[in-house]
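The values are calculated or read from the model by the stated rules, or taken from the named source; none is laboratory data. Small disclaimer: the values here were computed from a predicted structure and weren't measured. Virtual Cβ from ideal backbone geometry, glycine too; neighbours counted across all protein chains shown.
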Amino acid sequence: MSRKLDAAIAEGLGKDVCWKKWETRGGFDVFTDASPGEKGADAYFFHNEHLIDAVPHYFEDGNDMLGLDAEMRARGYWLDTLRYFTVVDTNGYLQGWWRVVYWKRERNGEFYHACASTELLARALAVHKALTGKEWKE
């Protein structure tokens, strides 16, 4: 996964996302426009026309995901998280996957779920699906 998923979630939340990177020009660090996937590029959004901030790392940072969970709860979504264990690896550890569901009561059982190897990634994929109505495609 890449920062593109974080940027897509931020856009789904209504943020105006842009891609920027730092370059050194004439001995000075300059903040320039970039494109997704470009080396050194990162996703940012504007709080207003002058204040810019980095898009949170939703599927990599637990604290950022907690903020996203709070935002989804404020939008009326409930969260269910399930952990499935499937096999024991060569070191004796259980291996498995996470299934996450975001749902709204007032929508007649409409729900959005995703599965992934980590809980944060499963949550990010489910949030993207809830906000956009589409599966995530890189």
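From the list ASP6, ASP42, the lone residue that is in contact (Cβ under 8 Å) with a residue 60 or more places away in the chain and crowded, with 17+ Cβ neighbours inside 10 Å is ASP6. In region 51-63, the count of residues that are more than 15 Å from the chain's Cα centre (by Cα), exposed (fewer than 12 other Cβ atoms within 10 Å of the Cβ) and farther than 13 Å from ILE9 by Cβ is one or more.
Just so you know, in region 84-104 the residues that are in contact (Cβ under 8 Å) with a residue 24 or more places away in the chain, assigned to a strand (DSSP E or B) and not aromatic (Phe, Trp, Tyr) include one that is surrounded by the most Cβ atoms within 10 Å (Cβ to Cβ), and it is VAL100.
As a summary of the residue check, LYS134 satisfies the conditions (1) at pLDDT 90 or above; (2) buried (at least 18 other Cβ atoms within 10 Å of the Cβ); (3) of a type outside the set (Val, Ile, Thr) except for the one numbered (2).
Consider region 56-83 and keep the residues that are part of a strand (DSSP E or B) and not aliphatic (A, V, I, L, M). The one that is farthest from ALA43 (Cα to Cα) is ARG83. If you check THR24, THR32 for being touching a Lys or Arg at 6+ places or on another chain (Cβ under 7 Å) and of a type in the set (S, T, N, Q), only one passes: THR32. Comparison of ALA70, ALA116, ALA74 shows that the only residue that is crowded, with 16+ Cβ neighbours inside 10 Å and out of contact with any Asp or Glu (no Cβ under 6 Å at 6 or more places or on another chain) is ALA116.
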